[in-house]
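What follows is one structure encoded as structure tokens, with my remarks underneath.
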Amino acid sequence: MIVVQTELPCIVLAMEGQEVLGFAKDELVGQSVLKLLGAKSDLALFHLVIKEASNFQTNDGQFILYDKDGNDKQLMVSFIPYSQDGHVIGCLIALHHSEAITLKQLFEGIQDNCCPYCLVAADPPHAIHMANEDFTSKFSTAHADALSNDLLSVVSAHRGLAPERWASLLLGAGSGRRTRCRISMRTAWSLHNAPCEDLVCTPVVEAANGRIRHVLVHFAPPVDEPPTDPIQPAALPSAHLASRLNPPPGPRACSSRGHPPTADHPRACVSSGPWAPAGPIGRHP
């Protein structure tokens, strides 16, 4: 986790931890954060989202960054305004493993996938941009009606997951985490629960370097694995990191969007392709 200036050359002001991508503190602090970028990176977009932090905007996106040895890595990057007394003094950058898929991977996976799915906007109210016949049949809605509605409006007649739980899963995916839970859905007029299945929300980026614009929502047969710890909200800077910046008292991280509520540990859906399993799941009644 590092704090950088929002103006070029985006000097690193402080760093938490012993290293970032193999770079020690004395190799990054006082240097431009752009040294983490390389030939496959999108420098213009990377600086743009840093710059947006000065307007109290929080962003999450996937970027190709480079470690000290010159190896490229696809990472999910969070950009959070870092403020003091109501004024942004920098941008907090947190790196974590990317669980996003690109639109290209999405369309490739569709060819081999028979799960009910839809593609929704990452931001509320999560308008539906695409849905397959299995999805519209599952929720007893015409295809045209699904595409003119938001996700929660379409699924509201089906019990099995509270609206706030849907919101939590979608918000977690919109922040770069693949979220998953076990559900048993039934319609409002049904007396019996349907068989259990797994609901999976996967962040979708437009390209290898890009913001999260969509979330893939799909349903799959349950995978029998033990529950796991939930995802924790993105960490705020510690007192140690804050103390490295001036003036006192230490700055605090702020976000116009806020951090996602607790969500299940991420996992993908099917056995092969870009939607293949990638970790344990959580169970929910």
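The values are calculated or read from the model by the stated rules, or taken from the named source; none is laboratory data. Just so it is clear, the model here is predicted, and its values are computed rather than measured. Only protein heavy atoms, including side chains, enter the accessible area calculation; ligands, DNA and RNA are left aside. Shrake-Rupley method; radii C 1.70, N 1.55, O 1.52, S 1.80 Å.
Quick notes on this one:
- Segment residue 137-residue 167, length gained on full extension (0.36 nm per residue, minus Cα span): 8.6 nm
- Cα-based equivalent ellipsoid, the stretch 139-183: semi-axes from gyration tensor eigenvalues, Å: 21, 13, 8
- Only lysines eight or more places from residue 104 in sequence, or on another chain, were considered; those with a Cα closer than 21 Å are 40, 73.
- Interchain or long-range residues, amide H under 5 Å from residue 130's placed H: 119
- Here is the size of the stretch 72-184 from its Cα atoms: Rg then Dmax, 17.2, 53 Å.
- Isotropic mean projected area of the C-alpha convex hull, the stretch 1-137 (nm²): 10.5 nm²
- Averaged over its residues, the stretch 1-81 has an accessible area of 43 Å² per residue, based on protein heavy atoms and a 1.4 Å probe.
- Kirkwood radius for the stretch 61-133, taken over all pairs of different Cα atoms as the inverse mean of 1/r, rounds to 15.6 Å.
- Of the solvent-accessible surface of the stretch 24-129, computed with a 1.4 Å probe and all protein chains present, 52% belongs to carbon and sulfur.
- Partners of residue 51 within straight-line reach, counting lysines whose Cα lies under 20 Å from its Cα and excluding those fewer than 8 residues away in the same chain: 35.
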